[in-house]
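The structure appears right after this line, and notes come after that.
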Amino acid sequence: MAEYVFPKINAHCITVNGHHLVFSPGTAPPMRVGDAAFDLVQNCSGMTIRESAEWLRERHGETSGHVARQLAEIADLGYFSEPQPDLEDCTNNLPPPANFGICITHKCNMRCRYCFAGGLREADEPEDISYDTACAAIDFIFDVVQPPWANISLGITGEPQLRWDLIRDVADYGRKKSEESGIGVRFHITTNGLHASPEMLDYLQEHPEDMGVTLSWDGPPDVHNRQRLSRDGADTYERVSRTFELLRDSMKTRPSVTATVCVSEPDMAGVFAHLFEEGVRDLTIKQTRSVAPAITITEESLPAFKASFAELAELLLRADDAQMERLFTLAKDDALGRYIYRIAKRESFLYRCPGGRCGYDIDTNGDIYPCASLVGVTDYRMGNVRTGFTKQAEKFFLEDTSLPKMQACQDCWAKYYCGGPCTYVSALTCGRFDVPYGPDCELIKYLIELAGYVVARLAVERPGLLPHVLSLREPVPMGPRPEALCRRAYDPLWGLPSEAWRVADPIVLTGSRDAGGYQRRRRPKNNKAAVHLKWDDEFLYLMTEVYGSSPAPPTTADVEWWFRESIQFAIDPGNDGGESRYPWKLPEGDYEYGVAGVDGKACIYDCQANPLRPSESGKALITREDDVITYKVAIPWQQVSEFAPSVGAECRFSIVVNDSDEGIRGWLQWTNGLAIRKAPARFGLLRLVE
Ligand code: SF4
Ligand code: SF4
């Protein structure tokens, strides 16, 4: 038999703080390896196993010979070989158009040092959008968007509060279109927070389901005040931090925050630590970009920038159990956070960004641009909302700006993590879209290495945490909340046959799309379920019938029951969708129960008290007939404090049906706030009726 010869290994090897990391671009997340494997990956291309084992023994001693065999096995799995994604595939696999921005006004009441407004812009557009153009923009969005959602940012330049009247009218028009088309809509604004007008606060309170807010806040007072000035040159820190509090009170959740860090004084860790301390839990840190060298990263400012990001990575990793929220605070678009999520999710990219492919921004004159930074840069104009896209523009953004067409990127080890140059930065710094800006590339590659280091250390040191970090960054649906009814039971149901528990309008979990419009995470094979809910003065009665379930291994006390056949349901009695401090636990005052057959007995778990110890309260029964499993549960209302059962009473509710076909956990869910991450904001509404 021919001896195995290592193929050409396509790996990028680095050592960060004594940890050896091997990146296999595009095929796998970085691996943290020992000295011998690290040495071998860098030197074994073209060697046979025997040669490499000898080579290793000479350098690393007797015990290292097996490393070569293990490495060969890994290489056989496809690691280290370069994937060959073709352009056709990558355009087919692009997510559908879903993210849009509309410029409401270019006016602003601040004068920030780094403001990009005006950077490359040359179009002669009106300061404010007219109501007619805004409606045409909404019509265009609903023409091109793919269901189920249109995410529309209102006010991508300027300060939206200066035209709140328009924001309100445009959002109303968008909601009308949403009703007509059946496509959900959610809006977002980004404010400088110089003030929080009562109109805005009231409006946010009235529309908690579909209006999100991001606040621009650059960190500690000295940093923020140096960078973000009012028109008359005054400090703005106090006013912005007050706006954060007001927004938090109005929205009942924390607004997202974007912090811009200037190249002249990068202190990512300081900015992060300050904002975290102030209560920010969804943070995007980005660096300034401008035509001015004092503001854009250069060869000179790069080392300080890198060092600052490294400090931030260490700060995240230092989080002990009580500070884990830090790990969940960086948003998906954050400069470092985005690579942490990409690497952890093993995603490879053939484009730098969605701009011009599945995300578009619309100027006040109705012109369409690929992204907010390029609004008004007429070379990159893609068409107009009244006439549609130009063919050339579509081709340009789908083909010409794709990674396979970027000659300068072909030999870059980081290309599938990066996706190619940012059109805006390249145009800004190099005068053309297809030439990456050197210092920007250096920073990106460094951030990818750093992100790999964070992921590799988390995978080794806190393996249970990574899935939570990822799930937390999934967007919180802000559309209409799904609703279910809980019907009055006129007799106590316990002991009565299933017929008495059934209602005409159960929650139906189909697996492909739940009743509430939320996608399941991983569907158990062939399953469907119906959840029947009833109430009387003493109990909440819940009967779940699961159809098409193949017999699963019995659940025993030493197995976590949610990995086997079981149900989980949760109640937020205050109906406030309050945030949970940890992704695996609901906030104080909310309730989660699990029901599983353990060692042949139906057990109820009060997950808030102890998810692993059966609880004494409540009643549960599990029966199986052919391929139908029936769970019956009665929870005394007494346990659910703050909730008085009566006709018309409402609470938030979510349910998950777990299964373990083929030994892999799968589940059906009604709303996605329970299975991976506990998020009452994502629960549906349960109403008690006659
Ligand atoms: S880091 Fe630079 S060279 Fe590498 S893929 Fe990204 S833009 Fe291209
Ligand atoms: S072109 Fe550059 S600035 Fe615009 S969205 Fe893409 S990455 Fe961001």
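Counting other C-beta atoms within 10 Å, which of VAL628, VAL460, VAL33 has the fewest, and how do the rest follow?
The most exposed by this proxy come first: VAL460, VAL628, VAL33.
Taking the number of other C-beta atoms within 10 Å as the exposure measure, put CYS44, CYS430 in order starting with the fewest.
Lowest count first: CYS430, CYS44.
Cα atoms only: what Rg and Dmax, in Å, come out for region 338-403?
Using the Cα atoms of region 338-403, the pair Rg, Dmax is 13.5, 41 Å.
Where a Cα-Cα gap under 22 Å defines reach, which lysines qualify for LYS405, not counting those fewer than 8 residues away within the same chain?
Once the sequence-local lysines are set aside, what remains near LYS405 is LYS391, LYS395, LYS415, LYS445.
Find the Cα radius of gyration of region 247-406, compare it with 2.2 N^0.38 Å by division, and give the number to two decimals.
Normalised Rg, Cα atoms only: 1.23.
In which sequence would THR15, THR630 go, from the one with the fewest C-beta neighbours within 10 Å to the one with the most?
THR15, THR630
Sorting check: for 144-155, 358-369, which peptide has the highest mean count of neighbouring beta carbons within 10 Å, and how do the rest follow?
Highest to lowest by the protection proxy: 358-369, 144-155.
Can you compute the FRET efficiency between THR387 and GLU180 using 1/(1 + (r/R0)^6), with r the Cβ-Cβ distance and R0 = 22 Å? Round to the nearest 0.05.
0.45
What is the calculated FRET efficiency for ASP165 to GLU325, with r their C-beta to C-beta distance and R₀ = 30 Å, to the nearest 0.05?
Step by step, r from the Cβ atoms, then E = 0.20.
Only the coordinates and a few stated rules stand behind these numbers; no lab work does. Quick caveat: nothing in here was measured; it's all calculated off a predicted structure. Note that each Cβ is placed from the backbone with ideal geometry, even for glycine, and that neighbours are counted across all protein chains shown.
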